[in-house]
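No lab work stands behind these numbers, since they all come straight from the coordinates. Everything numeric here is computed off the predicted structure, so don't read it as measured data. Note: ideal-geometry Cβ built from the backbone for every residue, glycine included; neighbour counts use all protein chains shown.
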Amino acid sequence: MSVQSSIWPLVAVLVSLLAAIPIMLSDRTPNLRESWTLLAALVKVGIVLTLLPAVLAGGGWEFTIAEVIPGVPLQLRVDAMGMFFALIASILWFFTSLYSIGYMRSLNEHAQTRYFASFAVAISATLGVAFAGNLLTMYLFYEMLSLSTYPLVTHEQNAEARKSGRKYLTYILGTSIGLALPAMLIVYNLAGNLDFTVGGVLAGSGVTPQTLALLVVLFLFGFAKAGIMPFHGWLPAAMVAPTPVSSFLHGVAVVKAGVFSILRVIFHILGPETLQAADLGAIITTLASVTLLVASLVALTQDNLKRRLAYSTIGQLSYMVLGAGMLTAAGMTGGMLHIAMHAFGKITLFFCAGAIYVAAGKKYISQMDGLGRQMPITFVAFFLGSLSIIGLPPLGGFISKWTLLVGAVEGEQLILVLVLLGSSLLNAAYFLPIVYRAFINPPPEGTVNGIKEAPIYCLGPICVTAAASLALFFFNGVFLQLAQQALGLGG
Amino acid sequence: MKALALVASLVTGAILLYGTMDFPAWGDPQSPAATHLATYFIENAVEETHVPNLVTAVLGDYRGYDTMFETVVIYCAGLAVISVLRRSRKP
Amino acid sequence: MKEVRARAEGRKIGESLIIQTAVRILVPFIQIFGLYVIVHGHYSPGGGFQGGVILGASFVLLALAYDLKFSLTHMSERVNLIFGNCGALIFVGTGVLTALFGGLFLDYSALDKLIPLGPIEWRSFGIFIVEVGVGLAVMSIMASLFWDLSSDGELDEGL
Amino acid sequence: MSVSNLHMYVMSAPLLTAFFVNLFGRKSPAVVAVLTLGSLAFSSLASLAVMGNVMVHGRISYVAGNWAAPYGIELVVDHLSAVMLILISVVALLASVSALKSVGQELPGREYQFFALYLILIAGLMGLVLTGDAFNLYVMLEITSITSYGLIAMGKGRAPLASFNYVIMGSVGACFYLLGVAYLYLMTGTLNMADMAQILPTIGGGAAVATALGFILVGLWVKMAFFPLHGWLPNAYSLAPTGAGLIAAPLVTKVTVYLMVRLMFWVFSSDYLFFTHPMVQSGIVWAATAGIICASALALAQRDLKRMLTYIIVAEVGYMVGGVWLANKTGLTGAVLHIVNDALMTLCLFLAVAAIVYKLGSGEFDKLQGIYRKMPITMAAFTVGAFSMIGVPPTAGFFSKWYLILGGIEAGHWEYVIALLFSSLVNAVLFFRIIEIGYFYKDEHDHGHEQRDEAPVLMQAPLVVCAVALIVIGLGSGPLVESIIKLALPAGF
Amino acid sequence: MELIVAKYNYWIYVVLMMVGFYAMIGKRNLVKKLIGMNIFQTAIILLFISAGVKHGSKIPIVDKYEALEKGVDVASIVNPLPHVLMLTAIVVGIAVTGVALAILLRIYREYGTLEEDEILEKLGK
């Protein structure tokens, strides 16, 4: 099947953007407002799923919005890689919406209308990043994502939130304008267009290794949402946002958009073979490995649960970049798979952190002694999520980490094997004590025994995502196939 | 400040003098200014406009567009002076 | 500004009978000469600007010899405004008119369709029309500039 | 007559109306409003028709008074000037809608004076765009200057002082320009630009021609506030009556940049400009770089919305001058496109500022707390304008910046590329600072919903139109560049 | 030396220009600045007019009928174009001066002085 022209990709992207308008208009009636959110989420999942079969069959969808620059239209194109990301994002958006409603209402947060509207715009931008047909379109939606999440980060409106918001924008906008934009222009100058092509648009353009190395560095740091050190500082800071934001945007959409962009660039702009020929995988793997280890070590020292999760995220993101940097088939597949596996695992963890905060009002790990007895479901889910992140069977995370290991062995990069193993140990070291504390340690004396599970709106999504993590160990064919198609392997 | 201004004006003057090196001598009837357009005006203006005062002919007709805006300039000046100086009166 | 005015009033500058009479006699001649300069611009040095300035100067002279109010009785500010506008309007209007009559902008010969005088004669006449417009505008603006600048925009006493 | 007079009507409509406004507008502001809007609406429509004409017939050479080109005054209607005509008339129309309100508030009873000057300023700008005669250009330049002096000096407080400073600087600029023209006239014996362009190669580039070029450039740079000759601009535009800023800020500097392009490429040849003295060419790019960086840095130090925007204007002038002097087609495309985009985004921001000033009395940062809740529509449009300034796709500002940066990369002027990126980042800081103050500062006294207190609809309407236009032009910049701007560039370059 | 003698008109205008320019940017009194501007403009006017001069020619007013019949001897008539241009330039100069004076009056009304230093001092307070 070939690529067909269709407006559905645009609809898929726009549906949540347009939903922002009725959301804003129904400011005074919360129930109506939330039903808009859910409706849009459902429609979105539906459209993405209807687009899926054609992509699996090797085809795709395409829609050109406008020809903005000669050779570079604003174009949406649904291919395997985009579908991979869109599938994760749209499904998780639905659950996050449910969870948000529970969370925001329980805490009686202010400015909920702005919150839901920004959220809708953000998911629209995420899908745009997924479905972008060329680098410019991706950049457009990437910026839109940065800007629409700014009000979410600053949601609290206190001095700390404003400071974090500033930090967030400085990192994200600074790198995207300062590094990614010129890199994109250099690519355009070399290749004459910015289309995503399997094998890389720069393949055969006679780019010198020095320029290529510069491009790699610019792109790697330019998409700072991926949190490659030293441009990771925004992520822990952004944890001041309400937990659903942290969970979805900073566990899934935003950070994955960064990683996705980097992967896109490596696979479809720079081209793995071009990179291989210039022997530049080492830059990527080195940077990723350092981030991986340092972030994991830092995570160990964090007492605030969300901050620990944030550093964990930084580490896990580097897995994906690391996989791509190996430039071996298995490595790259593993990197992509880890996007999916980590998304489901990490969102579970964040949901749990939010649920703990809603139900018990606790943010710090040291306060969580014995909490597992009062909130068993939450902590079982937490346990499953952390196992998935650590990469133990029978959870999804194992699949991706295993594939990564295979990739490292395939590429005969022994150091990377060690890095991967060591980091998994570190993962275990910062997750398992929490579970241990919650279940085994006795609750501190004198605490009021009124803590119950979080409301059903919160709990439901937690169970679903935890179950999904589990299920992905067994049923990951779709993701695997999409990942391989994206790389032009096999199917 | 004054020294700076002095230097600036001296430099400007020097550059302008440097530019005059290429100029025709004073009153040269063969200079470009005296031959290109001027010849046409002197030869044809009377015939084409029936105005013996060549300056008026050129001013009013050949370069009438310029003159029109010259009038507008002076009109603007009057208007600007009035609007700058008159105080708002209570209606 | 106030001090200057007070001093002028105190010493009665300009309140000299000789000067006033002389100006009275001179002004009509000046004005006629101004008109002559405008009209005769085709044949001698002169034209709208030069004539307009002379006409304007006659009002300035009046204001200097008597005071500002006196010159305003000869030419009220309202009339002056209309003159100024009309002068500029005549010029621009001629341009637009020629364009409307199918010629290029300011191509006076196009007005031949209005009154057939011959294209070249129309050019000559067109120049005359615009010179009159220029003269009117310049006269009015010159007077107005002096009035406003000398009285700080109040149009009362003047210098 | 086969030649169309349409562009003359475009220009003379505001000019004629100015006289009528002055004659009949004294009694009632409504008359002023009707006349002004009517004439500008006519101009906007007619300028679109002019564009259509040009698209069909190509360049139209029009001679005022029907005298053949070097003898009479030639008016040039090509793609470039048609674009500028549309830009000027549309911007003027949008600005005047808002200015009617703001002038009514700031200068009550003096609308007729204000709008008479305003309309002549617009006619002067159109004349500047149309003219193909070097001396006529000087006259037009002075018309725009004198009207701006008057408009600015109508402001309160320090405005006359700023205006006088502008008079002196503007006169220096105009005199320098006139000196340059004098030198060219002495060397070529003509004043017609096309004629000059033909004669100049035959006399070679001697000292006089070089001096003429230098003085013309410096003169225009003063007028366009190219750093470090920008001293007059921030005070003049920020202290002027809001209505005057609305028209002067988006148009005057941009039209002067257009003039620079026109004189550079239609009088001097690009070979002469860029290859006879390569040092000069790269020197000017460096100067533009320095200008962008310094002006951006100065903008950071401002605590008032209007003043901040004026420094951004200075930085943007650096963008355009640098883009033109990159000596490649991409850079020039970017510069021309940026003239259009920058005019619109400056207009958008100034319209928003006008609405804010109308409601709050000034644009100091301290007063802006909670403004998003008070004036959501205004601030939404402001945000679009701000994004365009920063260069966030798909707003128009991104695409012109795209071409400018690409031109910098092609030419190998990395310092210019870096300066552009730096300035974008500074703009991001500047505007997000305002967004943060306006949106995320809790009002200390009032925790509940703040009262909606929007500016009048007449001020919002042009603002919203402008914001939408920024996005539409951004999305349509491909066709815009391909079918208009490309044709507007000088042939053979 | 010959350069100076043959082209002394340019020297004169340049000197005048420098005087005007210096006054414009160097003087601290606002009226002096304005006067400097006028001198500058006069310098330019002189340059143009001197460019129009042809040795041994007379003013550009001809006898109409004679000219129509016999044509005009180009060499005997001075170049009219610079005169036209300078008429325009003079008017423009007047206009700018007028506006500038009005603005100066406003400044005087506001600050009671036209010395830049004193005004800045008052602003500083």
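The C-alpha atoms of chain D define a longest principal axis, and helix D:6-24 lies at about 50 degrees to it.
Considering only C:GLY46, C:GLY34, C:GLY103, give the residue with the highest GNM mean-square fluctuation for chain C, with springs between Cα atoms whenever their separation is below 10 Å. Highest fluctuation among the options: C:GLY103.
Of B:ALA80, B:ALA25, B:ALA33, the residue with the greatest mean-square motion in the GNM of chain B, using alpha carbon springs below 10 Å, is B:ALA80.
By the count of neighbouring beta-carbon atoms within 10 Å, fewest first, A:CYS352, D:CYS175 end up ordered D:CYS175, A:CYS352. Database remark: amide H of A:GLN75 closer than 5 angstrom to the amide H of A:ILE65, A:GLY133, A:ASN134, A:THR137 (H placed geometrically; neighbours at sequence offset of 5 or more, or on other chains; Pro and chain starts carry no H).
Taking the centroid of alpha carbons for each part, region D:229-301 and region A:260-299 are 42 Å apart. Placing dummy labels 7 Å off each Cα toward the beta-carbon, the span from A:SER35 to A:ILE415 is 6.0 nm.
The charge dipole of region C:2-151, taken about the Cα centre with unit charges on the Cβ atoms of Lys, Arg (+1) and Asp, Glu (-1), comes to about 460 debye, rounded to the nearest 20. Between the Cα long axis of helix C:17-39 and the first principal axis of chain C there is an angle of about 10°, rounded to the nearest 10. Other residues lying with their Cβ under 15 Å from the Cβ of A:ALA86 contribute a combined charge of +2, Lys and Arg counting +1, Asp and Glu -1.
Counting only helical runs of four or more DSSP H residues, what would the 222 nm mean residue ellipticity of chain D come to if each run contributes -39,500 (n - 2.57) and the total is spread over all its residues? Computed mean residue ellipticity for chain D: -25500 deg cm²/dmol.
Taking Cβ atoms as reference points and 13 Å as the exclusive limit, the residues near A:PHE431 contribute a net charge of +3, counting Lys and Arg as +1 and Asp and Glu as -1.
Compute the signed sum of charges (Lys and Arg +1, Asp and Glu -1) over the other residues within less than 10 Å, Cβ to Cβ, of D:PRO70. Net of charged neighbours comes to -3. Across E:TYR108, E:TYR13, E:TYR65, mean-square fluctuation computed from a Gaussian network of chain E (C-alpha pairs under 10 Å connected) peaks at E:TYR65. Each listed q (0.04, 0.07, 0.08 Å⁻¹) maps to a log10 I(q)/I(0) for the protein assembly as shown from the Debye sum over equal C-alpha point scatterers, namely -0.30, -0.78, -0.94.
Evaluated with a Cβ-only charge set (Lys, Arg +1; Asp, Glu -1), the protein assembly as shown carries a dipole of roughly 3320 debye about its Cα centre, given to the nearest 20. When shorter helices are ignored and each DSSP H run of at least 4 residues is given -39500 (n - 2.57), the per-residue value for chain A at 222 nm works out to -23000 deg cm²/dmol. Along chain A, counting only trypsin sites (Lys or Arg not before Pro) with a DSSP assignment other than H, G, I, E or B and at most 10 other Cβ atoms inside a 10 Å radius, the longest segment between sites is A:29-451.
Provide the FRET efficiency to the nearest 0.05 for the A:THR64-A:LEU425 pair, computing r from the beta carbons and using R0 = 56 Å. According to the calculation, E is roughly 0.70. Projecting the Cα atoms of B:GLN30, B:PHE69, B:VAL81 onto the charge dipole of region B:29-91 (Cβ charges, centred on the Cα centre) puts B:VAL81 farthest toward the positive pole.
Here is the short version for the protein assembly as shown: A:CYS352, A:CYS458, A:CYS463, B:CYS76, C:CYS86, D:CYS175, D:CYS294 have no other Cys C-beta closer than 4.7 Å. At an R0 of 51 angstrom, the distance between the Cβ atoms of B:GLN30 and C:ILE82 translates into a FRET efficiency of 0.50. Dipole of region A:298-491 computed with +1 at Lys/Arg Cβ and -1 at Asp/Glu Cβ about the Cα centre; of A:PHE344, A:THR328, A:LEU309, farthest Cα towards the positive end is A:LEU309. In chain A, the longest principal axis of the Cα atoms and the axis of helix A:30-56 are about 40 degrees apart. Per-residue shielding of A:385-392, expressed as the average number of other chain Cβ atoms within 10 Å of the residue Cβ, stands at 0.
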